[in-house]
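Participant: Here it is, the structure in full.
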Amino acid sequence: MAKTEASSLVGKLETEVEIKASAGQFHHMFAGRPHHVSKASPGNIQGYGEAKVAKERIEAVKPEKNLITFRVIEGDLMKEYKSFLLTIQVTPKQGGSGSIVHWLLEFEKISEEVAHPETLLQFCVEVSKEIDEHLLSEE
């Protein structure tokens with residue numbers, strides 16, 4: 001019984017965003033220059049809907065796969081979630097220029113009352129587009 005209850009609190013959300021920048025460039029923005037992320041996407045990183053403040057640490061980086069995973073360790077999100085992982089993987093687009101950014105959110109809510117973090121997917125899409133524009137403007 002407890003297992004079924006727990007599983008309804010655990011969830012995954014995924015989204016993919018097409019960008020024009022290369023997979024390596026986009027990955028490097030998070031892995032190598034994280035302070036640039038907030039510059040490239042100031043509106044989103046600082047105030048999305050009601051501003052959610054989150055402090056995260058890098059859990060895993062696989063440069064050969066352009067993959068990075070962040071674990072949220074403190075901040076507003078941790079008032080609603082026991083755990084929150086965010087994985088970003090960028091792959092070159094097949095047969096064309098540009099890339100696909102794959103966002104994976106894995107979370108465990110504190111209780112049923114906590115809303116499903118759908119709005120965060122929209123946030124991921126917005127951030128992807130803003131970082132893409134930032135990278136293209138740097139070229």
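Participant: Need the failing condition index for T15 against (1) of a type outside the set (A, V, I, L, M, F, W, C); (2) modelled with pLDDT of 85 or more; (3) open to solvent by 60 Å² or more (accessible area, probe 1.4 Å); (4) within 23 Å of Y81 (Cα to Cα), just the number.
Facilitator: Looking at each condition in turn, T15 falls short on (3).
Participant: Just to be sure I understand, how many residues within the range 102-139 are closer than 15 Å to F70 by Cα, of a type in the set (A, V, I, L, M) and either outside any helix (DSSP H, G or I) or in contact with a Cys (Cβ under 6 Å, 6 or more places away or on another chain) (or both)?
Facilitator: Final tally of qualifying residues: 2.
Participant: A further question follows. Looking at (1) exposed (fewer than 11 other Cβ atoms within 10 Å of the Cβ); (2) part of a helix (DSSP H, G or I); (3) at pLDDT 65 or above, which is the one condition that is false for F26?
Facilitator: (1)
Participant: Under the condition of being at pLDDT below 90 and among the hydrophobic types (A, V, I, L, M, F, W, C), which residue from the range 1-12 is nearest to S83 (Cα to Cα)?
Facilitator: It comes out as A6.
Participant: I've got another one for you. Against the condition modelled with pLDDT of 90 or more, among the polar types (S, T, N, Q), assigned to a strand (DSSP E or B) and in contact with a helix residue (DSSP H, G or I) (Cβ under 7 Å, 6 or more places away or on another chain), how does T91 come out, does it pass?
Facilitator: Answer is yes for this residue.
Participant: Let me ask something else about it. Consider I100 carefully, then state whether it is in contact (Cβ under 8 Å) with a residue 40 or more places away in the chain and touching an Asp or Glu at 6+ places or on another chain (Cβ under 6 Å).
Facilitator: Values: in contact (Cβ under 8 Å) with a residue 40 or more places away in the chain: yes; touching an Asp or Glu at 6+ places or on another chain (Cβ under 6 Å): yes.
Criteria met by I100.
Participant: Only one residue in E74, E108, E59, E80 is more than 16 Å from V125 (Cα to Cα), among the charged types (D, E, K, R) and at pLDDT below 90, so which one is that?
Facilitator: It is E74.
Participant: In the range 89-139, what residues are touching a Pro at 6+ places or on another chain (Cβ under 9 Å), closer than 13 Å to S22 by Cα and open to solvent by 30 Å² or more (accessible area, probe 1.4 Å)?
Facilitator: Scanning the range 89-139 gives a single hit, I100.
The values are calculated or read from the model by the stated rules, or taken from the named source; none is laboratory data. All values derive from a computational prediction rather than experimental measurement. Because the Cβ atoms are built from the backbone with ideal geometry, glycine has one as well, and the counts that use them run over all protein chains shown. With ligands, DNA and RNA removed, areas are computed over all heavy atoms of the protein, side chains included. Shrake-Rupley method; radii C 1.70, N 1.55, O 1.52, S 1.80 Å.
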